[in-house]
Every structure is written in structure tokens, then in C-alpha cells.
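Taking it in order: structure first as C-alpha cells, then the write-up.
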Amino acid sequence: MSTEQFTCGTCGALHDGPPLSFAAPAPDFWQPEMADQEGCLLDADLCVIAGEQFFVRGLIELPVWDTGEIFTYSMWVSLSRDSFTRAVDVWEQPGREKEPPYFGWLSNIIAGYEPSTLNLRTNVHTRAVGQLPYIELEPTGHPLAVEQLAGVTRTRVEEIAAFHLHR
């Protein structure tokens, strides 16, 4: 969280920040009642639904080119069973960042983007132990993919923050 303040474009008030990250607590396919079901797991970084759907949490990073900061969305990506198994096998292994990327599908709707971000194609790049994977969106004309490639301004980060702070 930045120690600066910004004037909110939604309410006109001064807010601390803008925040440089927003997170989804789970993939959009997760339902709270699944927590007690066989074959289901949700922790801070991994999710399994009915032993058939597999997800990892990672970061979509948008460079803020006029400040040098990085804005992040902490989101979930579905992986194949094989990719998920491999990711879990190397989760705590030094050198895991040498793994090739895993193909996956973005598994969260990030409000404020049209068309929907759900099921955008991704590559998940494992990083050093203790760091969340980097989610690389397929380079397309989707506004989020464009922002990831081109970067955003602080003004855009303030717009995102105002939108999410008043949802």
C-alpha cells in the first residue's frame, strides 16, 4: 500500500494509496460448501475441486510506467492434472523457477474488464520458492492483456482502485 493519497474518481474523497494489488480469495468455480467435501481443497495458493479441477494462485503484473511500480492482480489459473501435479511436486524445491511454463485458463472474473477475463489463455511461470507464479496472459486485444504488455499509468491504477474500492 502506498503512503500517498489519491482523489477517488467515484466518490471524490481522498483515499490512501492507490492500492497496488487486488486479490481473489479463490477461483470463481469454488463454492464455500466445497470446503467439507471429499476431494476438495482450498489453501492460500492451491485449489482442487472434486479431485478433477486444479488451480494455482499467481500474479498478473501490470507495469506502472510513469512511477516504476508494479500493479498486481492475485488471481487463480486452472491447470491440467499433469501440470498441477508437477507444480505441486516442485513447490518447495530450490530451482523450481527453471520449470517450463504451464498452460492454463484464468479462473476469475476481474470486474471492470469487458469482455470477461474468465477463461483467458495463460502461461504460468514458476518463480523461486516463496514467490507466487507469474501469470502471463496470451497476447491478444483483450484490455487486460493489452495492459499487461503495454503497462498502465498511475491514473489508470487510481481508476482501478476507485472501481474496486466502491464495488
Next item on the list: Test each condition in (1) in contact with a Cys (Cβ under 8 Å, 6 or more places away or on another chain); (2) open to solvent by 50 Å² or more (accessible area, probe 1.4 Å) for ASP43 and report the one that comes out false.
Entry: (1)
Check: Do we find that GLU33 is open to solvent by 80 Å² or more (accessible area, probe 1.4 Å) and either of a type in the set (S, T, N, Q) or within 21 Å of GLY130 (Cβ to Cβ) (or both) in this structure?
Finding: no
Check: Which condition does PHE163 not pass, out of (1) under 16 Å from the mean Cα position of the chain (by Cα); (2) not in a loop (DSSP other than H, G, I, E, B), if it passes all the others?
Finding: (1)
Item checked: Checking VAL157 against (1) in a helix (DSSP H, G or I); (2) within 15 Å of the chain's Cα centre (by Cα); (3) hydrophobic (A, V, I, L, M, F, W, C), the condition it does not meet -> (2)
Check: If we keep just the residues of the stretch 75-117 that are farther than 19 Å from GLU159 by Cβ, among the hydroxyl-bearing types (Ser, Thr, Tyr) and within 14 Å of the chain's Cα centre (by Cα), which is most open to solvent (accessible area, probe 1.4 Å)?
Finding: SER78
Check: For the stretch 118-142, which residues satisfy the criterion of being over 15 Å from the mean Cα position of the chain (by Cα) and surrounded by fewer than 15 Cβ atoms within 10 Å (Cβ to Cβ)?
Finding: ALA128, VAL129, GLY130, PRO139, THR140, GLY141
Check: Inside the stretch 102-137, can you point out the residues that are assigned to a loop (DSSP other than H, G, I, E, B) and more than 22 Å from PHE29 (Cβ to Cβ)?
Finding: THR126, ARG127, ALA128, VAL129, GLY130, GLN131
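Among the residues of the stretch 14-39, count how many are farther than 30 Å from GLU4 by Cβ, acidic (Asp, Glu) and more than 18 Å from the chain's Cα centre (by Cα). Steps first, answer last, please.
To start, the set of residues in the stretch 14-39 that are farther than 30 Å from GLU4 by Cβ comprises 26-39.
Next cut, acidic (Asp, Glu) only: 28, 33, 36, 38.
Next cut, more than 18 Å from the chain's Cα centre (by Cα) only: 33, 36, 38.
Result for the stretch 14-39: 3.
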Next item on the list: Could you check how many residues of the stretch 20-74 are free of Cβ contacts under 8 Å to residues at least 40 places away in the same chain and under 30 Å from ARG154 (Cα atoms)?
Entry: 3
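The values are calculated or read from the model by the stated rules, or taken from the named source; none is laboratory data. Just so it is clear, the model here is predicted, and its values are computed rather than measured. Glycine gets a Cβ as well: all are built from the backbone with ideal geometry, and neighbour counts include every protein chain shown. Ligands, DNA and RNA are excluded from the accessible area calculation, which covers all protein heavy atoms including side chains. Shrake-Rupley method; radii C 1.70, N 1.55, O 1.52, S 1.80 Å.
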